[in-house]
Amino acid sequence: MTRDFFVYFYVKEYSGSGGMLEHAKQSVAEQLKLPGDVMLGEILLSFSGRYSVTVENYRGILLFEENCIRLQGKNCRLQICGKRLNIVYYDRDSMKICGQIQSMEFCD
């Protein structure tokens, strides 16, 4: 049995209920030693001190103000608060936020 078939079969068996499917994906990702962001769509954050953060795997911008930026991920929302926040660049997959970052919070 090849790994591709195993992954397809394993995920297909658990597709009946939403919670079980996510658990199945997580289990398969762990067994195949895949990064969580690949199978699960997790948000990736790369901080450069307190003044810069790169965000990957976000779905959309929900709120953009000088002291708060809220982003939608696949499974959660991300809120970054601070002073003089600015989106330096963004595209489909990533964005860079600069300013004085004071807090970061994941919300359901």
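Here, each number is a calculation from the coordinates, and none is a lab measurement. What you see is a predicted model; the values in this text were computed from it and never measured. No Cβ is skipped: glycine too gets one built from the backbone with ideal geometry, and neighbour counts run over all protein chains shown.
So if R0 is 35 Å, what FRET efficiency would SER27 and MET104 give, r being the distance between their Cβ atoms, rounded to the nearest 0.05?
Numbers: r = 28 Å, r/R0 = 0.80.
After rounding to 0.05, the efficiency reads 0.80.
Computed from backbone phi with θ = phi - 60° and the Karplus coefficients 6.51, -1.76 and 1.60, the 3J(HN,Hα) list for segment 58-68 is 8, 9, x, 9, 8, 8, 9, 10, 4, 10, 7 Hz; x is used for glycine and proline.
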